[in-house]
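Written out below as structure tokens is the structure these notes cover.
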Amino acid sequence: MYTSFFGLDEKPFAITPDPRYLFMSERHAEALAHLLYGITEAGGFIQLTGEVGTGKTTVVRSLLERMPGHADVAVILNPQLTPLQFVLTICEELGIFMRDEDVASIKDLVDVLNKRLLDAHAKGRRIVVIVDEAQNLTPQTLEQVRLLTNLETASQKLLQIILIGQPELRELLGRNELRQLAQRITGRYHLDPLSKTETAAYVTHRLKIAGANGEIFTPAALRTVHTLSQGVPRIINVICDRALLGAFTRDTHCIGPALVRHAAGEVYGRRFGSPWMKALALASIAVAAAGVTFGLWQLHSAPQDDRADRTQAALHDPVAAAESITTAAMSSTGTAPQAEEPGPIGPATAAAEMDIAMLLEDQPHGTSTENAFAQLFSLWGGHFDPARGRPCDQALQQGLQCVYQQGSWGQLRTLNRPAILTLIDDHGNAHQVVVAELRDGAATIKLPEAQQTVSVASISRLWYGDYLVLWRPQVTGAHSLSAGMQGENVRWLRAALNTVRGQPAAANTSDYYDEELVRMVEDFQRRYRLTVDGVAGVQTQLVLDTLSNTGDAPLLLTRTDSVQGSS
């Protein structure tokens with residue numbers, strides 16, 4: 001739309017990876033150097049962490065392109081595997097021939113893998129396993145990973161393992177029960193966001209690759225981009241793309257700070273005022289309140305600026321922080337939701353399943369963030385008003401809570417709640433659609449003016465795992481329940497677990513989180529493929545609430561189609 005207006009050959013800020021736009025900042029180059037150095041060493045573990053959108057995938061892609069010629073690589077993109085599946089995936093990635101009877105035994109698989117490692121060592125070759133999204137590895141699978149590094153000769157390890165993940169990976173490896181694995185990590189690097197200078201260079205670099213002949217963003221605009229994105233490349237892309245579109249609609253070839261703030265407001269779903277206006281407003285308040293004690297108290301207790309709010313939210317309210325990330329990743333198409341309250345879910349408007357790409361083309365104005373939240377709220381009997389602030393804040397006011405995740409169809413079926421999926425079409429545009437129902441390989445998509453049955457396969461082609469669900473927490477106060485806690489929340493947890501296990505409700509259910517309850521929670525987590533830590537966090541509570549559904553919450557699958565724990 002705006003490419004010809006700015007003299008560009010293509011959109012420079014598409015969020016889909018493109019090797020031509022590779023920008024190696026000093027941090028990315030240093031992280032890559034750490035990985036390359038680790039590969040040439042004597043085996044063990046290398047750990048690379050970074051926040052969502054900081055460019056870990058870019059580093060991995062660069063690593064694969066620069067991999068030494070004597071190295072064979074196995075890449076695991078979906079680490080939510082059992083120990084057996086994990087070892088099997090390594091063998092498959094390395095092209096190891098396996099008999100049918102080998103794939104059922106982890107011992108046989110390890111024996112086959114060890115033979116391949118010894119053969120490679122004899123030929124002077126290295127075997128490298130790269131695990132992306134490693135924060136999703138279960139403790140049991142991590143222990144199996146550790147055991148694989150025991151495959152060695154008298155002089156060196158035979159397997160080099162690189163763990164790539166979000167900051168939660170550091171917390172996971174910091175657990176006491178995983179200390180043996182942590183001690184084998186020979187290199188650690190954390191990928192920080194871009195600096196102010198690097199952000200400006202990043203934006204300029206992408207514009208030049210796309211064909212820009214002159215400056216489009218003023219220096220002040222680039223500083224504003226860094227401030228509002230905090231240097232996260234993925235968010236930089238979304239803000240700059242919206243700013244270019246905004247400049248096109250206003251018929252201006254120069255983007256200043258005000259236009260960047262307006263674009264960021266569309267991305268985040270809230271307004272960003274000029275820092276000069278904030279300073280002037282604070283000065284006016286100070287003058288008006290001078291000499292008045294109550295006025296001074298009000299001045300000192302006023303909220304901090306938006307960036308401080310967001311930082312505190314990330315520290316104290318991870319759910320709200322996750323919502324901020326997902327809203328930043330979901331670029332709105334600019335249309336407001338319909339004023340009428342949508343009706344209840346019924347039969348799909350078309351019996352035949354269609355390709356989701358056709359639906360996105362037919363209804364380009366129905367897949368904005370605002371519309372998606374309006375449809376999801378309606379499924380819960382709620383109401384979303386774009387003018388009333390952040391969607392997840394409105395959810396809390398209606399007794400609901402947002403949960404943002406990256407996962408798979410299997411996880412969605414386990415959670416069994418309607419979800420907002422972020423889809424990226426073939427042109428690099430982001431769309432938010434509500435999946436209201438799953439059945440027999442088909443999904444019901446709920447849009448403002450219609451709903452349509454589409455094939456799950458067509459969604460998978462455009463879906464990279466980002467989704468958001470709503471749920472109604474049964475626990476008040478603390479987000480997580482753990483050993484040593486006591487009260488009605490613990491009583492509910494124990495009673496719900498007993499119900500799911502088919503045991504009758506006890507007359508005097510204990511309200512103390514003891515070792516018995518820890519084991520019950522671990523058994524539940526193991527059965528439903530959750531992180532097994534004995535702590536009833538949001539994920540555990542959500543699945544437990546789904547299984548003991550009171551009947552007033554919308555379900556993604558009917559009872560007959562629901563996925564059971566062992567499926």
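Where a number appears in this text, it was derived from the coordinates with a stated rule and is not lab data. These numbers come from a predicted model, not from an experiment. Heads up, the Cβs are rebuilt from the backbone with ideal geometry, glycines too, and the neighbour counts pull from every protein chain shown.
Arranged from highest to lowest average of other beta-carbon atoms within 10 Å per residue, in what order do the peptides 8-15, 234-241 appear? Display every interim value, and only then the final one.
Numbers: 8-15: 18.0, 234-241: 24.2.
Top of the packing list down: 234-241, 8-15.
Cα to Cα, under 13 Å, and not fewer than 8 places away if on the same chain: which aspartates and glutamates meet these conditions relative to residue 196?
Those aspartates and glutamates meeting the cut-off are 26.
Using 0.36 nm per residue, how much length does the chain from residue 37 to residue 75 gain when fully extended, once their Cα-Cα distance is taken away? Don't jump to the answer; show the numbers that get you there.
Working: separation 38, 0.36 × 38 = 13.68 nm, distance 1.83 nm.
Taking 0.36 nm per residue and subtracting the Cα distance, the gain is 11.8 nm.
Could you run the Karplus curve 6.51 cos²θ - 1.76 cosθ + 1.60 with θ = phi - 60° over segment 184-189 and give me ³J(HN,Hα) per residue in whole Hz, x for Gly and Pro?
8, 6, 8, x, 10, 8
Taking every pair of Cα atoms in segment 485-548, average 1/r, invert it to obtain the Kirkwood radius, and report Rg/Rh to two decimals.
Working: Rg = 10.7 Å, Rh = 11.7 Å.
Checking Rg against Rh, the ratio lands at 0.92.
Taking 0.36 nm per intervening residue step and subtracting the Cα-Cα distance, what contour gain separates residue 115 from residue 387 on full extension?
On the way: separation 272, 0.36 × 272 = 97.92 nm, distance 6.32 nm.
Taking 0.36 nm per residue and subtracting the Cα distance, the gain is 91.6 nm.
Tally Lys and Arg at +1 and Asp and Glu at -1 over the other residues with C-beta under 14 Å from the C-beta of residue 183: what net charge comes out? Could the numbers behind the result be given before it?
On the way: positive: 146, 157, 175, 179, 184, 188; negative: 143, 177.
Overall, the nearby charge balance is +4.
Count neighbours as other Cβ atoms within 10 Å of each site's Cβ, and list the chymotrypsin sites (Phe, Trp or Tyr not before Pro) in segment 34-126 that are DSSP loop with at most 15 such neighbours. Before the final figure, lay out each step's value.
Values: sites: 37, 45, 86, 97; in loops: 97.
Those satisfying the criteria are 97.
Could you work out the percent of alpha carbon pairs in segment 362-490 separated by over 24 Å, rounded to a whole number? Don't jump to the answer; show the numbers that get you there.
Details: 2699 of 8256 pairs.
Of all Cα-Cα distances in segment 362-490, 33 percent exceed 24 Å.
Please report the net charge: other residues with Cβ closer than 12 Å to the Cβ of residue 72, K and R +1, D and E -1.
Values: positive: 116, 123, 125, 126; negative: 93, 119.
Result for the neighbourhood of residue 72: +2.
Kindly flag which residue pairs out of 56/157; 11/56; 56/107; 107/157; 208/446 have an alpha-carbon separation exceeding 28 Å in this structure.
Details: 56/157 26 Å; 11/56 22 Å; 56/107 33 Å; 107/157 19 Å; 208/446 39 Å.
Where the Cα-Cα span goes over 28 Å, the pairs concerned are 56/107; 208/446.
Working out 0.36 nm times the residue gap between residue 516 and residue 254, then minus their Cα-Cα distance, what length gain in nm do you get to one decimal? Don't jump to the answer; show the numbers that get you there.
Working: separation 262, 0.36 × 262 = 94.32 nm, distance 6.48 nm.
87.8 nm is the gain from fully extending residue 516 to residue 254.
Which percentage, to the nearest 5, of the DSSP beta bridges contained in segment 26-191 is antiparallel? Intermediate values should be presented prior to the final figure.
Details: 1 of 24 bridges.
If I count the DSSP bridges inside segment 26-191, around 5 percent turn out antiparallel.
Work through the residues other than residue 517 whose Cβ is under 12 Å from its Cβ and net out their charges, Lys, Arg +1 and Asp, Glu -1. Mind showing how you got there, number by number?
Details: positive: 491, 494, 519; negative: 511, 514, 515, 516, 522, 523.
With Lys, Arg at +1 and Asp, Glu at -1, the neighbours total -3.
In sequence order, what are the phi-derived ³J(HN,Hα) couplings for segment 54-66 according to the Karplus relation 6.51 cos²θ - 1.76 cosθ + 1.60 with θ = phi - 60°, rounded to whole Hz, with x for glycine and proline?
In residue order, the calculated couplings are 7, x, 4, 5, 4, 5, 4, 4, 5, 4, 5, 6, 9 Hz.
On the Cα set of segment 1-95, report Rg and Dmax in Å, please.
In Å, with Rg to one decimal and Dmax whole: 17.2, 55.
Quick check on segment 198-268: what does the Kirkwood estimate of hydrodynamic radius come out to from the alpha carbon pairs, in Å?
On the way: mean 1/r = 0.0851 Å⁻¹.
Here the Kirkwood hydrodynamic radius works out to 11.8 Å.
When the scattering of segment 26-191 is computed by the Debye formula from its Cα atoms alone, each counted once and equally, what is log10 I(q)/I(0) at q = 0.14, 0.21 Å⁻¹?
-0.68, -1.56
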